[in-house]
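The values are calculated or read from the model by the stated rules, or taken from the named source; none is laboratory data. Every value quoted in this text rests on a predicted model; they were computed, and no experiment measured them. Note that we place each Cβ from the backbone using ideal geometry, even for glycine, and neighbour counts take in every protein chain shown. Accessible surface is based on the protein model in full, side chains and every heavy atom, while ligands, DNA and RNA are left aside. Shrake-Rupley method; radii C 1.70, N 1.55, O 1.52, S 1.80 Å.
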Amino acid sequence: MEEKFEIFYIRHGETTNGLFEDRDTCDVNLTETGVKQAELLGERFKGRHFDAVFSSPLVRAVRTAAAVCNQLDNHPEIEILPQIIENGSSYGYFGESLEYLSRYYDRLKLNSDMPLMYDNLEDSDNDKRARAVIDYFRSRFTYGQRIIVFAHGSFGNHFLPQAVEMGEGNYILSLNNTSVSKVKYTTDGKQRISFCNDFSHLRPLMPDYEFDV
């Protein structure tokens, strides 16, 4: 039987451009709807186990990750990974401190294994950045394990294609708030995007929604 290594990639909940509080203006917060979306996402993953959980350092991603981790079987640590911050974030800004972010979750760790690679996201090669993150995951984890990554829509347009070596390109993926995408690697050398942009857990918020056919 083939073993597999799986990466679940999740976009954060809905945000508003007016909730900066004391943070940089690229670091917006969740709306009330975004909080509910994250709670429904947590219900989707309730009782599941992951070998590691990673989050962008931006508040919207951390809060979404916290809602899920509160429902996982082992109340896991969230590793804050600056390398998966959203494209185009403010120059030199890589999120708030762990002390600040701990108001949303009590088990946080700053991942210091990977170098930042860049000082300014506007000047960075996002495909290269995504590829480096994937290579890190592939070197750290093995078949039989699975991890979950909480990040952003625009970065997902680089992460998911790079995860299956589609090459550089201007890929436009529609990633809804709290959508789940899964990448799978198997021992036969195959790599697949098993599914992309699944937000079926949000049905309670949109009972009249009809999926495109």
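Considering R129, R138, the condition of being modelled with pLDDT of 90 or more, part of a helix (DSSP H, G or I) and open to solvent by 60 Å² or more (accessible area, probe 1.4 Å) is satisfied by R138 alone.
Do we have any residue at all in segment 166-183 that's among the β-branched types (V, I, T) and modelled with pLDDT under 95? Before you say what the answer is, go through the steps one by one.
Taking segment 166-183 and keeping what is among the β-branched types (V, I, T), we get 172, 178, 180, 183.
Checking the rest, the ones that are also modelled with pLDDT under 95 come to 172.
Checked segment 166-183: at least one residue is among the β-branched types (V, I, T) and modelled with pLDDT under 95.
If you go through segment 59-101 and keep only what is at pLDDT below 95, hydroxyl-bearing (S, T, Y) and either open to solvent by less than 10 Å² (accessible area, probe 1.4 Å) or closer than 20 Å to T178 by Cβ (or both), you end up with just S89. Within segment 56-81, the set of residues being touching a strand residue (DSSP E or B) at 6+ places or on another chain (Cβ under 6 Å), under 15 Å from R103 (Cα atoms) and small (G, A, S) comprises A61, A65. Annotation note: of F50, F54, the sole residue that is touching a residue at least 60 places away in the same chain (Cβ under 8 Å), in contact with a helix residue (DSSP H, G or I) (Cβ under 8 Å, 6 or more places away or on another chain) and of a type in the set (A, V, I, L, M, F, W, C) is F54. Selection over segment 54-95 of residues that are assigned to a strand (DSSP E or B) and either farther than 20 Å from F141 by Cα or of a type in the set (G, A, S) (or both) gives a count of 1. Selection of segment 31-51 for residues being open to solvent by 10 Å² or more (accessible area, probe 1.4 Å) and not in a loop (DSSP other than H, G, I, E, B) yields E32, T33, V35, K36, Q37, E39, L40, E43, R44. Of everything listed in (1) open to solvent by 20 Å² or more (accessible area, probe 1.4 Å); (2) within 17 Å of A130 (Cα to Cα); (3) at pLDDT 95 or above, the single unmet condition for S56 is (1). Whether any residue in segment 181-191 is in contact (Cβ under 8 Å) with a residue 12 or more places away in the chain, open to solvent by 60 Å² or more (accessible area, probe 1.4 Å) and touching a Gly at 6+ places or on another chain (Cβ under 9 Å) is what I want to check. Checked segment 181-191: no residue is in contact (Cβ under 8 Å) with a residue 12 or more places away in the chain, open to solvent by 60 Å² or more (accessible area, probe 1.4 Å) and touching a Gly at 6+ places or on another chain (Cβ under 9 Å). Screening Y9 with (1) loosely packed, with under 15 Cβ neighbours inside 10 Å; (2) of a type outside the set (A, V, I, L, M, F, W, C); (3) in a strand (DSSP E or B) gives one miss only, at (1).
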